[in-house]
Structure formats: structure tokens, C-alpha cells
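Engineer: Take this structure, written in C-alpha cells, and hold onto it; I'll ask about it next.
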Amino acid sequence: MIEATGLTKSYGSKTAVYNLTFRVQPGKVTGFLGPNGAGKSTTMRMILGLDAPSAGTVTIGGYQYRQLPNAPRQVGALLDANAKHGGRSARSHLLCLAQLSGIPARRVDEVLDVVGLSQVAAKRSKGFSLGMGQRLGIATALLGDPQVLLFDEPVNGLDPEGIRWVRELMRRLASEGRTVFVSSHLMSEMAQTADHLIVIGRGQLMADQPVNDFIEQNSTSFARVRTPDSEEQQREKLVRVLAEAGGQVQQEPEGTLRVVGLELPRISELAHQADVRLWELSPHHASLEEAYMRMTQGAVDYRSTADQRAGLQGQPPQVAGYGPPQAAGYPPPQGGFGPPPGAPAGPVPAGPPVAQPAAASPAPYRPEDAR
């Protein structure tokens, strides 16, 4: 079991983690969620003794990590898949770690089989893809057959088969009574993998509860209703009837109605009484992603905005006073852009027409040309 009490970490004037208190129970997959910069990686580093807390304590099985006898045999972790010597083969990398921790060499081949890297065990790790590097990092965590495992974004770079394999691996490890603590930004995976959630925002605890309870408390279920697209009056009539019955009705862009506050049988009964045909009447239960976004929307530090250069993907707009040289009355340049040397600063009066060679089609505009 991992237990944090009043855990705090400050870097100068910035507090990355503040007064975190939680427990990670064995026999469960505990998801560790939070926006970028929330303090997840810092918390994991403090659990593993890589960073010293500014205040508070964190223990594993009642001991601080550095007090654990032969810690790699009791705790396995994947924090950075690139934490390896690129010149070593996968097998040599694992064998070096095994020898440092007194782990039998046969265990190296066992974990290479588990993560599916046996066929490339002799290959230098610097040639590994991102997904293969993740598999090697997971093998490193499993090397000591530990009872406590921490994984930071374990599915980065993995293909769908690999993601499914990680999901099943986490659940199998937890079913064996191990403590599994997983940080991830993939809400769909957390919904299928985690039993319990710990959510932090700006370094502070926001939630510590089972997945189903988290979704229920941070979302609203609704009914989706669709009427025939060509019968606008029928839709308006249904909206009025549902609102009079106490429902909250919102029209969605695709023409469906989102109804909150009325059960499906009641909606069907009201539509029947109003003689309105329904093409769809279905329940909608919020996903973990929706619940997570609703809870953490006030704790997001990094928000994107609309791209102001989006309009530059076509031809560049003409700005007054900065048109092509011909627009200002200059003859075509012979070896560069702009007026020839000694030309007056203002527009040149139009003279007799000069025969011009046929101009080639302009090259398509590229955004980088404006930089």
C-alpha cells in the first residue's frame, strides 16, 4: 500500500504539490489523473524517493522508499521509458539492473517474454520505436516481481493491440493482490482499466473515490430524442410539452433534443399524448472523460486558442501600401524584389505600356513564407 500524508513539494516560490493525503490500496488499479502541470509526476517521484518532500510523508508498506531493503524487489516503476543506455541491447539493459538487485538472470528472459520483446532482445535499444521503448520500460518495472507498481503514461506510443495488452496486464497484476498506481491522460483507457481514481489539480487533491462514483457525482445523464427531420412543427410541439412537464430541453446542432429531468418512459408517454412521432429515444450516460473535464475545467493551466494564422492557408491578403511591385507602378524587378536602386520612394507615374513576358503561374502560398 502507498500512503501519502500532507505531501507538499515546492520549488522556490512555486508549489508543485500541496498537502496531498491519499492511499493506494492493493488489489485495485488506481488511476492517477490531473491536467498537465497538476503535479502527478512530482508526486510519483516523491513516492520513489527521487525528490524529497518539502513537507509531509509518503510511505510504501509503512516504509519510505529509501528505507526499503532491496527496494527494486518490492517496488517497480516506469516513469521515463527513455531512461536506458541506447548502446545496450534490451537484454543487457535488464541484465545489468538484475545483477545490481540480486535478481536471477533467468528473470530477464521471463520479462522479455511477458512484454513481447524476446525476438529483439539482442537489438540495441537506441533503435527501438517509442512503443518498443515503452515495453522495455514495463519489463524493467516487472523485473523484481514487485508487489507495488507505478506507471506514468504506460501506453504512450503503443498500437491498439499494445494498449489492450497493457490494460489486461494492469488488471491481472491487481487481481494478484498487487498495488497498481497508473497515471494517464487517456480517459477511455482509465474507464476500462481503473477501479479507483485519485484526481489532483494544481497540486491539490480534487477526488479520491471509485470510478463509478466519480462519474455519477460529476456528470448529468440525459435522454436523446429525435423527431422526423422534416417535421419542424412537431419538434417544437414536443419541446413545449416536455418543458411544461418539468423537463429541461436543449436543441443540439444535429437536430436532436437533449432532455434532462424526465425518465424515458415519461418522455415516451408525453410524445404519445401529443401525437408526436419519435425516431429516437435513448439514454445517455456520461463518460469518464466528460466527468473529468467537468471537474477539472477550473484547474487547467494550459489552454489553447484559435489559430490566428488559419486564414493564411490560401493566398495572402493584400495590405494597403504593401502590394506587389507592379501595383505601385514599378517595372518587374530583374534580380530581386522591390524597386530598383535609385527609384523614387513614391509610386512612379504610369508610362507607355511595356511588353511583358508571359508570367508563370505563381507558386502556391505556404504559411512558412510569411515567417
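Laboratory data are not the source of any read-out in this text; all were calculated from the coordinates shown. Keep in mind it's a predicted model, so treat the numbers as computed, not measured. Ideal geometry is used to build each Cβ from the backbone, glycine not excepted, and the neighbour counts take in all protein chains shown.
Engineer: Measuring from label point to label point, each 7 Å out along Cα→Cβ, what is the ARG66 to LYS237 span in nm?
Structural biologist: It is 7.7 nm.
Engineer: Compute the distance in nm between two label points, each set 7 Å from the Cα along the Cα-to-Cβ direction, one at GLU161 and one at ARG226.
Structural biologist: My value for the distance between the label points is 3.6 nm.
Engineer: Near the amide H of TYR18, under 5 Å away, which other amide H atoms are found, from residues 5 or more places off or on another chain, if H is placed in the peptide plane?
Structural biologist: For TYR18, whose amide H was placed from the backbone, the distant partners under 5 Å are LYS9, GLN204.
Engineer: Here is a follow-up. Classify segment 121-179 from the C-alpha gyration tensor, please: rounded if a/c falls under 1.5, else prolate or oblate depending on whether a/b exceeds b/c.
Structural biologist: Oblate, since a/c reaches 1.5 and b/c is not below a/b.
Engineer: From the backbone phi of segment 101-115, what are the Karplus-calculated ³J(HN,Hα) couplings (6.51 cos²θ - 1.76 cosθ + 1.60, θ = phi - 60°) in whole Hz, Gly and Pro given as x?
Structural biologist: So the Karplus estimates, Gly and Pro as x, are 10, x, 9, x, 4, 4, 5, 4, 5, 5, 6, 5, 5, 4, 8 Hz.
Engineer: Could I have the simple spin-label model distance between LYS14 and HIS284, label points 7 Å from Cα toward Cβ, reported in nm to one decimal?
Structural biologist: It is 3.8 nm.
Engineer: Report the paramagnetic label zone for ALA52: residues of segment 1-45 whose backbone N is under 19 Å from a point 7 Å from Cα along the Cα-to-Cβ axis.
Structural biologist: 5-19, 42-45
Engineer: Continuing with the same structure: If R0 is 41 Å, what FRET efficiency do you get for THR21 and ASP113 from their C-beta distance, rounded to 0.05?
Structural biologist: For R0 = 41 Å, the calculated efficiency reads 0.55.
Engineer: Here's another thing I want to ask about it. Using a Förster distance of 51 Å, how high is the FRET efficiency between VAL300 and ARG106, based on the Cβ-Cβ distance and rounded to 0.05?
Structural biologist: FRET efficiency, VAL300 to ARG106: 0.60.
Engineer: Once amide H atoms are built 1.01 Å from N in the peptide plane, which residues 5 or more positions from LEU33, or in another chain, come under 5 Å H to H?
Structural biologist: ILE198, VAL199, ILE200
Engineer: Can I ask one more? Going by C-beta contacts inside 10 Å, put TRP279, TRP165 in order with the fewest on the left.
Structural biologist: TRP279, TRP165
Engineer: How big is D, in µm² s⁻¹, for segment 222-294 by Stokes-Einstein at 10 °C and 1.306 mPa s if Rh is the Kirkwood radius over C-alpha pairs?
Structural biologist: 127
Engineer: Same structure again: Per 0.36 nm of contour for each residue apart, how much would the distance between ALA83 and ARG277 grow if the chain were fully extended, relative to their Cα-Cα spacing?
Structural biologist: 63.7 nm
Engineer: Tabulate in residue order the Karplus-calculated ³J(HN,Hα) for segment 51-66, using 6.51 cos²θ - 1.76 cosθ + 1.60 with θ = phi - 60°, rounded to whole Hz; enter x for Gly and Pro.
Structural biologist: Listing the rounded values in order: 10, 8, x, 6, 7, x, 9, 9, 10, 10, x, x, 10, 5, 3, 5 Hz.
Engineer: To the nearest 0.05, how large is the calculated FRET efficiency for LYS126 and ARG172 if R₀ is 25 Å and r is the Cβ-Cβ distance?
Structural biologist: Taking R0 as 25 Å, the efficiency between LYS126 and ARG172 is 0.25.
Engineer: Please list, or write none, the lysines whose alpha carbon is within less than 25 Å of the alpha carbon of LYS40, excluding same-chain residues fewer than 8 places away.
Structural biologist: LYS9, LYS14, LYS28, LYS84
Engineer: For segment 2-209, what is the percent of antiparallel DSSP beta bridges, rounded to the nearest 5?
Structural biologist: DSSP beta bridges in segment 2-209 are roughly 55 percent antiparallel.
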